[in-house]
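Each remark here refers to the structure printed beneath this line.
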Amino acid sequence: MSIVEAIPRNKPLVIFAIIAIIGVSTVPSLAPHVFHGMHIVDLIMHQVGIVLASILTFLALNSYIMNKSKKMIVVSIAFALFACAELVQLLESQKHHVLDFWNSPTEWAHIMLFGMLVLFALAIFKRKQL
Amino acid sequence: MKSFTELRTIEIESILSKKGKLTREERIILEIKNNPGIRFRELMKSMKITNGVMSYYIQKLEKLGVIFTERKSGVSRLFTDNIDTSDMSLIKFLRTATPKKIMLVLLKDDKLTFRQITEKIQMSPSTTSFYLKKLVSSNIVRVSNGANNKYILENKKQVSNLIVLYHPSIIDAASENLEDIFS
């Protein structure tokens, strides 16, 4: 049993619902900053970070449900905390505009953290051969 | 009589509905149920259990009649007791990459010549021929009589059902990958 087996059979509808929820929650935070130069890049990285960390949280929970390994609960909490941290940073970025993106050490650190999350997600979604 | 799929779902659910951690026996049964036809060594590797310990549990479960081992040409394949014999032979081929590729191309296109199959699966003619002969002798694939010998999958529905059953969704596969990284 896994979460996937419990979701409704109409998968396109589920995928549409997920994309709609992400879109609706993303647009209000991004739309006001579209013309604020590189600030939008910073916000997009936070948004994608939240989505990826949430997916990893979901996968870790799914893994726990499938195999009952307690350490996966710890892993899911860790990713949930990561998602929360990204959310806090996103809210903070709404107030303080990023003026000089490429010369800011904080932004470089942000790019590296973002890269780490993307690479981790890529490694996980790489399919095993039967 | 319940179908194999129904039995599989019911029994897995009865194991998973148990509260707390699963016992080692239950985990072994679950692994075999999820991967029927799994080799002894594959099972050892996936469960991280040593040869001696695994042998002990396999013998114990065999005595209880929960699982059975098929020993053929030096390879031990493990199955649960409720599996159909026709499913069993198909599953064995589905667990091997090249026969699975052959079955997948024959599932997509109804009739294919030997040359078309080798081109589609991108394997050498000798490898393709070796596995095709095995599939034909196991009555999974039949050869049509005609000017050009064409290969046809005998029971398309059964093959597609088994592929769906033992092919994890992308989310389940990713969840397993995630657990592999942290284990």
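Readers should treat all values here as calculations from the given coordinates under stated rules, not as data from a laboratory. Remember, it's a predicted structure, so these values are computed and weren't measured experimentally. With ideal geometry, Cβ positions are generated from the backbone for all residues, glycine too; neighbour counts draw on all protein chains shown.
Expressed as a whole number of Å, what is the distance separating the alpha-carbon centroids of the range A:43-63 and the range A:65-130?
So the separation of the two Cα centres works out to 7 Å.
Given points 7 Å out from each Cα along the Cα-Cβ axis, report the residue B:142 to residue A:108 separation in nanometres with one decimal.
If labels sit at residue B:142 and residue A:108, their model points lie 7.0 nm apart.
Quick one: which of A:81-94, A:19-32, A:106-119, A:38-51 comes out on top by average Cβ neighbours within 10 Å, and what's the full order, highest first?
The packing order, highest mean first, is A:38-51, A:81-94, A:106-119, A:19-32.
Any idea how far apart residue B:129 and residue B:47 come out in nm if each label point goes 7 Å out from Cα toward Cβ?
4.1 nm
Any chance you could check the Cα centroid distance between the range B:112-129 and the range B:24-46 for me, in angstrom?
Cα centres, the range B:112-129 to the range B:24-46: 32 Å.
In Å and on Cα atoms, what radius of gyration and Dmax does chain A show?
Just the Cα atoms of chain A yield Rg and Dmax of 16.8, 50 Å.
Please determine, in degrees from 0 to 90 and to the nearest 10, the orientation of helix A:39-67 with respect to the longest principal axis defined by the Cα atoms of chain A, where the helix direction is its Cα long axis.
10 degrees
Quick one: work out Rg over Rh on the C-alpha atoms of the range B:71-142, Rh as Kirkwood radius.
1.00
Peptides B:135-143, B:35-43: what's the order by average Cβ count within 10 Å, highest mean first?
Final packing ranking: B:35-43, B:135-143.
Using helices alone, what [θ] at 222 nm do you get for chain A, with -39,500 (n - 2.57) per DSSP H run of 4 or more residues, divided over all residues and rounded to the nearest 500?
About -26000 deg cm²/dmol.
Count the net charge of all other residues whose Cβ sits under 11 Å from the Cβ of residue B:120, scoring Lys and Arg as +1 and Asp and Glu as -1.
Spelling it out: positives minus negatives among the neighbours equals +1.
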